[in-house]
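> Please read through the structure below; I'll follow up with questions.
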Amino acid sequence: MPAASLRSKVILELITELRGERDQILDRARILEQTIAELHGRAVSPANGVKHRQAASQEGERASEGKAWDFSGKGKPAATKEILKHHGRAMNSTEILDILEKHGMSIGGGSLRARRINLYSTLVRSPLVKRISGGLWALPEWDNQP
């Protein structure tokens, strides 16, 4: 393998790793924003303009716990679309990954980080969902709505 190709491969791997780390930081920041808003008893309104109502979020979480998801025959983007529709709000990769795995969908990768990168790589290429700022995934038709 030529030296330039090897360097390019290493650089691309580093870029992928850094993107994963960036996503984790953005997810953590979003969680902290939600926590602060909940402490003050108001809705979270991140910089991306997507409004998240505290009550809707909590109701969605409770509903998700009892929902019997059936992802058989569905790919990750279609399953993610179903999850987002059900919750009615934008969600981060970790939340989506948790639901997918809890309900039997296998996401390749040994570590949580590798599975998040795998999920990200799949979703970012799909027209069924869109990436919005703050490390969140939303439905394309929402246009900055919860």
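> Take residues that are over 19 Å from Leu26 (Cβ atoms) and at pLDDT 80 or above and tell me which of the helices (runs of 4 or more DSSP H) falling wholly in segment 44-112 contain 2 or more.
Values: elements: 54-66, 76-87, 93-102.
Answer list for segment 44-112: 76-87, 93-102.
> Still on this structure, I have one more. Write out, first by first residue and then by second, each pair whose Cβ atoms fall under 8 Å of each other, whose residues are 6+ apart or on separate chains, and whose first residue, in segment 14-30, is closer than 20 Å to Glu95 by Cα while the second is among the aromatic types (Phe, Trp, Tyr).
Arg19/Tyr120; Gly20/Tyr120; Asp23/Tyr120
> Please specify each residue of segment 126-146 satisfying the condition of being part of a loop (DSSP other than H, G, I, E, B) and either in contact (Cβ under 8 Å) with a residue 12 or more places away in the chain or within 19 Å of Leu18 (Cβ to Cβ) (or both). Steps first, answer last, please.
Step one: filter segment 126-146 for residues part of a loop (DSSP other than H, G, I, E, B), giving 126-129, 133-135, 139, 143-146.
Those that are part of a loop (DSSP other than H, G, I, E, B) and either in contact (Cβ under 8 Å) with a residue 12 or more places away in the chain or within 19 Å of Leu18 (Cβ to Cβ) (or both): Ser126, Pro127, Leu128, Val129, Ser133, Gly134, Gly135, Leu139, Asn144, Gln145, Pro146.
> Condition test on Ile117, is it β-branched (Val, Ile, Thr), surrounded by 13 or more Cβ atoms within 10 Å (Cβ to Cβ) and assigned to a loop (DSSP other than H, G, I, E, B)?
Numbers: β-branched (Val, Ile, Thr): yes; surrounded by 13 or more Cβ atoms within 10 Å (Cβ to Cβ): yes; assigned to a loop (DSSP other than H, G, I, E, B): no.
The answer is no for Ile117.
The values are calculated or read from the model by the stated rules, or taken from the named source; none is laboratory data. Since this is a predicted model, take the numbers as computed values, not measurements. Every residue, glycine as well, gets a Cβ built from its backbone with ideal geometry; the counts of neighbours run over all protein chains shown.
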